[in-house]
Amino acid sequence: MSLSIGIVGLPNVGKSTLFNALTQKSVPAENYPFCTIDPSVGIVAVPDARLDALAEFSHSVKKIPAVVEFVDIAGLVEGASTGEGLGNKFLANIREVDAILHMVRIFDIQDNTGTEQTHVYGSIDPLRDIKVINMELILADLETLQNRITKIARDVKRGDKHALLEQALCEKLVTALEAENLAHTITMTDDERALVKSFHLLTMKPVMYGLNKKTGGNNLDVTDPARFKAITEEITNEGSEYVVIDAKTEHELSEFSGEEKVLMKTELEHVDDGIDELITSAYTLLGLMTYFTTGDTETRAWTVRVGATAPEAGAAIHTDFQTKFIRAEVIASNALLHAGSFAEARAKGLLRTEGKEYIVEDGDVIEFRV
């Protein structure tokens, strides 16, 4: 399953620094034939302690994690929707991703040592920066909707039922966008949600925010808590989530592991695991979850959409597991680990046989019968 998160933001807010930190967590692409092989795409492992525990439980030779694709998208400037800067390329790249990670800088121009790091607007104002990016996406979507309205005008005139529904939805969206509301925040009926997918609107994509701070810097969460709270409330009111992350420090730490990494974190006074939280939040943002297969040869995390049935989950392994599905043996990963063996889990009645209607739960360990 190939789903990707596009990293967007103004120039010099930490997008590429974060991307470089993420790519240090990349995994071999040959295990994921669906993934794009491109310098601007990072195939990043999703941190999951359950995978590690199951691999140890089964004494697996190989361990393969679930992954998320992150795409480094060129910095946007005001006027991108009319072609300013790399506007057209930026918008084209955003259309190709499934969700957006919006990087926003929350550290000031000058840090505590007097070192300066410029900002494209010469000052730090996260709410302004968020609005600049969102407005370019809104303007692009307004153009898309106006083109759509023009295209269906003839069918609307002759009273075509579908065209009339489409026009009503377009007008509803235009009104909301002109009020600077993103399309994904608008209340819609099930029919409208099904129809809006065909519009391919940028502001319908789910969004999470990366609030980029700097170790040793003047960060708003410390220097101006009230202002920081206003930022997070704006994000929450939009229906989005955020992760506070120090992209530069995460990049530096990505080159270390084990005890050496622990020592470096102590030396840098870095207590967060922001990058792992960001990766798992991105995975959730895409509406994904994980089930496992485990044995002495391999323990693997498989990615499926939340709500997938057992046959749909089986298709992640091979299409035959969906088309020729008979049944599946299922147990929650924590129950299996607690039991200590498959034999003990079976003896305790923890290993269940499920049919085609079974909805897979996050963390299930599954063996398919075809």
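A short reminder: the numbers here are calculations on the coordinates, not readings from a lab. All values derive from a computational prediction rather than experimental measurement. Cβ placement follows ideal geometry from the backbone for every residue including glycine, while neighbour counts extend to all protein chains displayed.
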Query raised in the report: Hey, rough spin-label estimate for GLN110 and ALA49, points 7 angstrom out along Cα→Cβ, what's it come to in nanometres?
Result: 4.4 nm
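Could you work out [θ]222 nm for the chain from helices alone, using -39500 (n - 2.57) per DSSP H run of at least four and dividing by all its residues? Round to the nearest 500 deg cm²/dmol. Numbers along the way, then the final one.
Numbers: 15 runs with 154 residues, N = 370.
Rounded to the nearest 500, the figure is -12500 deg cm²/dmol.
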Query raised in the report: How many nm is it between the label spots at GLU329 and THR297, if each spot is 7 Å from the Cα in line with the beta carbon?
Result: 1.6 nm
Query raised in the report: Within a Cβ distance under 11 Å of THR284, other residues only, what is the Lys/Arg minus Asp/Glu net charge?
Result: -3
Query raised in the report: Tell me, what is the percent relative contact order of the chain, built from C-alpha pairs under 8 Å that lie six or more residues apart?
Result: 20 percent
Report task. First measure r as the distance between the Cβ atoms of ASN12 and GLU178, then evaluate 1/(1 + (r/R0)^6) with R0 = 22 Å and state the FRET efficiency to the nearest 0.05. Result -> 0.15
Query raised in the report: Rounded to the nearest 5, what is the percent of antiparallel bridges among the DSSP beta bridges in the chain?
Result: 50 percent
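What is the packing order of peptides 160-167, 248-255, 4-11, 124-131, taking the mean over residues of other C-beta atoms within 10 Å and listing the highest first? Can you show the working numbers first?
On the way: 160-167: 14.4, 248-255: 19.2, 4-11: 22.6, 124-131: 17.6.
My ranking of the peptides, most packed first, is 4-11, 248-255, 124-131, 160-167.
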Query raised in the report: So, how do all the Cα-to-Cα distances of the chain break down into 10 Å bins, in percent, from 0 on up?
Result: 5, 20, 27, 24, 17, 7, 1, 0
**Report entry** GNM result for the chain, Cα springs below 10 Å: residue of SER60, SER240, SER198 fluctuating most strongly
**Finding:** SER198
Query raised in the report: Can you count the Lys pairs in the range 138-295 with C-alpha separation below 21 Å, eight or more apart or on different chains?
Result: 19
Query - Segment SER40-GLU367, extension gain: residue separation times 0.36 nm, minus the distance between their alpha carbons - result: 114.1 nm
